[in-house]
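What follows is one structure encoded as structure tokens, with my remarks underneath.
The values are calculated or read from the model by the stated rules, or taken from the named source; none is laboratory data. As the structure is a computational prediction, the values presented were derived from the model and not from experiment. Please note: Cβ atoms are built from the backbone with ideal geometry, for glycine as well, and neighbour counts cover all protein chains shown. Just the protein is used for accessible areas: all its heavy atoms, side chains included, with ligands, DNA and RNA removed. Shrake-Rupley method; radii C 1.70, N 1.55, O 1.52, S 1.80 Å.
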Amino acid sequence: MSERRSRLKIYRDLLAAVESDHVPTWVMYKSRLSWKDMMKHLEELMRRGLVEEIQIKTETRRKPRRGYALTPKGKKLLASLNDVLKLLEEDER
């Protein structure tokens with residue numbers, strides 16, 4: 001059984017998922033979170049100004065879909081978290 005992820009790793013995974021795909025279902029899959037947990041963490045990240053809700057227009061749908069995107073502050077945090085977690089992983093070896 002794998003060990004639980006720290007909050008830093010969860011936020012890093014969630015921010016990376018939002019950066020690569022804006023559709024909520026794919027963000028959930030890529031971040032390896034349940035829908036409930038993903039929404040809880042996304043709300044926290046939006047409250048802190050790291051993620052914003054966007055409207056995604058598609059050719060096949062009349063109504064735009066809800067999606068998420070990183071703010072400039074969120075992109076900075078993602079880069080910093082990647083650096084910190086990389087350093088921590090090097091120390092564990």
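For this structure, a couple of remarks:
- Neighbours by Cβ (under 8 Å, 6+ apart or cross-chain): first from the range 53-73, free of Cβ contacts under 8 Å to residues at least 24 places away in the same chain; second surrounded by 10 or more Cβ atoms within 10 Å (Cβ to Cβ) and among the hydroxyl-bearing types (Ser, Thr, Tyr): Glu53/Tyr68; Pro64/Thr58
- The number of residues in the range 47-81 being touching a Leu at 6+ places or on another chain (Cβ under 9 Å) and among the polar types (S, T, N, Q) comes to 1.
- Qualifying residues in the range 6-35 (those that are open to solvent by 40 Å² or more (accessible area, probe 1.4 Å), in a loop (DSSP other than H, G, I, E, B) and free of Cβ contacts under 8 Å to residues at least 12 places away in the same chain) - the one nearest to Leu85 (Cα to Cα): Ser6
- Any hit, the range 41-48, residues being out of contact with any Phe, Trp or Tyr (no Cβ under 9 Å at 6 or more places or on another chain) and surrounded by 14 or more Cβ atoms within 10 Å (Cβ to Cβ): no
- Restricting the range 50-91 to residues that are in a loop (DSSP other than H, G, I, E, B) and either surrounded by 12 or more Cβ atoms within 10 Å (Cβ to Cβ) or not charged (D, E, K, R) (or both), the residue that is nearest to the chain's Cα centre (by Cα) is Leu50.
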